[in-house]
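Please read the structure below before turning to the comments.
The values are calculated or read from the model by the stated rules, or taken from the named source; none is laboratory data. Please read these numbers as outputs of a predicted model, since none were measured by experiment. Every residue, glycine as well, gets a Cβ built from its backbone with ideal geometry; the counts of neighbours run over all protein chains shown. All accessible areas refer to the heavy atoms of the entire protein, side chains included, with ligands and DNA or RNA removed. Shrake-Rupley method; radii C 1.70, N 1.55, O 1.52, S 1.80 Å.
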Amino acid sequence: MADTLEPSTIYIHPRREAFEHGLLPIPKLIFNDGTQTLASLKDKLIQRSSQSSNRRLDSLAISEILQISPHHARLVLDTLACVLHSDSDPLVTASPDEVESVGVNVYDLILFLYIQSYKRLLPRTHKDSASVSDVWPSTSAFDGYLSVLSPLQLVRSNSRRFLPSQADEEAHQLSYLQKHMTNILSLLADSEDGEGEKEESMVLSMENFEHLQYLVYFGERGSDRIPLSQAAPFFANSDPDMPAAPVPATQVHEWLLQNLASALEHISERISTKENGAVLDQDVTMADVPSSSSKSSTNARGSSFIEGISKSYYLKQASDLKVSSVKVVNCHESVIYVLAPLRYATIYGCSDTTVVLGAVGKAVRVEHCERVHVVVAAKRICAANCRECIFFLGVNQPPLMVGDNHKLQVAPYNTFYSQLEEHLKQVGIDPTVNKWDESVTLGVVDPHDSMSHPAGVSDVQTESATCVDPDQFTNFLIPNWFDGESPVTKTDNPFTLPYRYMQSQQRNHDNLGELKQILRETQLEDNRKRELSSALHMYFKDWLYATGNIRQLYCVQGD
């Protein structure tokens, strides 16, 4: 371990964003033969990138070299724009119409391609599968064990007992990097003497070494991440005005393996402590353990968890969050508001719930959810293995639908709160660009799933999302929680409504006005008025349940 680090407090960690939001289930991007195929592609990619002064590639080059469609090549660029480690990278800061001309750095692309072989951690075997078998009788062959359980089953079966924890997943990712680090470094290294790629002649420049920040970082809770070159003893004291001398790849490899082993040992101790009942969760210190009323926690690596909300509403504003990532897990029959600027968000295993996210500058992932409404302004959203969900979107990239989805619907963004436009600016979302109705669908089988899949289903396509009927589209009214805030109107929505939705809203508004006028002018006896009032209430109640808007009443009940 380098003297520049403090082994007792600072460890190497995998960048979860690359593994959680940066995997695409496109078979041609997945190379399971180590570097055998990717090494030859690397040479072609580097040769092509050398034609530009900054070693970057556009989607045309990616499409031709990787032999994928231009559509999928652009999807690669869009994905990288959301998961790159550097916020100053030109691809990250590019507007949607600049992405093609900017392109991606060739070494970031190579690392992205290499970890497409990563397979997610298997869930633990459920101890009492019989107890949930009567709720969701059909087993999906496409998306593995978790899709066998509906979200309702997850809450019945106490899903935290078998879903991998954050520490489990981090250990799995570290083990993957430990196993593959030799191959990864060989793709970043150059031959020192030009005599081929013999191990003893391979060296790594500081510039190429820093691209590893796509995969790993140093830093602990409450502190900034340490640049990788500062953490490494062989680059830590380099003169910033002079290019650092390349370092033998074997030296870098030895240092990384030592740090990965230390980190794995540290995580194993935390997991062992948890299994012995000392703490509730590997990622939550005792000071962070939530009370039963809050049902929220912050993990050691910067994600806020909102978990287990049932038949209630829950609100978090920017002032309540000290982190930039949120995970909403295992919530049911509730309304969750996270009205804050975020980088990443995950909604997992929820049912019959409305989730309103403020502004998410990087990516949102919605997975294994059922009858969930998601209202979000984001750069990117991905829905995987969901059923009967509706997404009200203001997104700068086309929504991505992967896995075993059924009866998903998309609609334009439909809400507003006083700080929304400020939050959009903070995270870099352009409200003049909304690709909510340009969904991209990929195959049902996810090759990143560790579960085995039956032969002959790899070409099956997932269901595409349909657009919400304009006549069924309504605005979502966020309660007035902010002091001094003026009442919200439909014109406050920063995303322009498509004409057919705007026209439908105006028609409904006019019809409502006419109905009110008719009721005011109609002379009825008292008993007839009571019958009419009762009928209106009954139809309104039916509408609340049919549309899912009944959830909003939890806010009223809570107040």
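General remarks:
- The set of residues in region 28-44 being in a helix (DSSP H, G or I) and within 25 Å of Asp446 (Cβ to Cβ) consists of Lys28, Leu29, Gln36, Thr37, Leu38, Leu41.
- Filtered residue count, region 81-97, keeping only those that are in a helix (DSSP H, G or I) and surrounded by fewer than 16 Cβ atoms within 10 Å (Cβ to Cβ): 1
- Filtering region 46-55 for residues that are open to solvent by 60 Å² or more (accessible area, probe 1.4 Å), within 24 Å of the chain's Cα centre (by Cα) and of a type outside the set (A, V, I, L, M, F, W, C) leaves an empty set.
- Near pairs, Cβ below 8 angstrom, 6+ apart or cross-chain, from region 202-215 (within 24 Å of Arg16 (Cβ to Cβ)) to any residue that is surrounded by fewer than 21 Cβ atoms within 10 Å (Cβ to Cβ) and of a type in the set (S, T, N, Q): Phe209/Ser229; Glu210/Ser229; Gln213/Ser86
- Taken as a whole, the condition of being modelled with pLDDT under 50, in contact with a helix residue (DSSP H, G or I) (Cβ under 9 Å, 6 or more places away or on another chain) and among the β-branched types (Val, Ile, Thr) does not apply to Val155.
- Single match in Leu228, Leu256, Leu260, Leu215 (criterion: modelled with pLDDT of 85 or more, closer than 24 Å to Leu113 by Cα, touching a Lys or Arg at 6+ places or on another chain (Cβ under 7 Å) and open to solvent by less than 20 Å² (accessible area, probe 1.4 Å)): Leu215
- Filter result for Leu515 (surrounded by 13 or more Cβ atoms within 10 Å (Cβ to Cβ), modelled with pLDDT under 95 and either farther than 30 Å from Phe31 by Cβ or hydrophobic (A, V, I, L, M, F, W, C) (or both)): no
- Within region 305-325, the only residue that satisfies the criterion of being open to solvent by less than 20 Å² (accessible area, probe 1.4 Å) and either farther than 30 Å from Leu80 by Cβ or at pLDDT 95 or above (or both) is Ile309.
- Subset of region 347-372 that is β-branched (Val, Ile, Thr) and in a strand (DSSP E or B) - its residue that is surrounded by the fewest Cβ atoms within 10 Å (Cβ to Cβ): Val356
- Residue in region 69-80 that is small (Gly, Ala, Ser), at pLDDT below 95 and buried (at least 19 other Cβ atoms within 10 Å of the Cβ) present: no
- Per the listing Glu64, Glu100, the residue uniquely more than 20 Å from the chain's Cα centre (by Cα), open to solvent by 20 Å² or more (accessible area, probe 1.4 Å) and without any contact (Cβ under 8 Å) to a residue 40 or more places away in the chain is Glu64.
- Among strands (runs of 3 or more DSSP E) entirely within region 388-506, having at least 1 residues that are modelled with pLDDT under 95, open to solvent by less than 60 Å² (accessible area, probe 1.4 Å) and under 30 Å from Ile26 (Cβ atoms) singles out 400-402.
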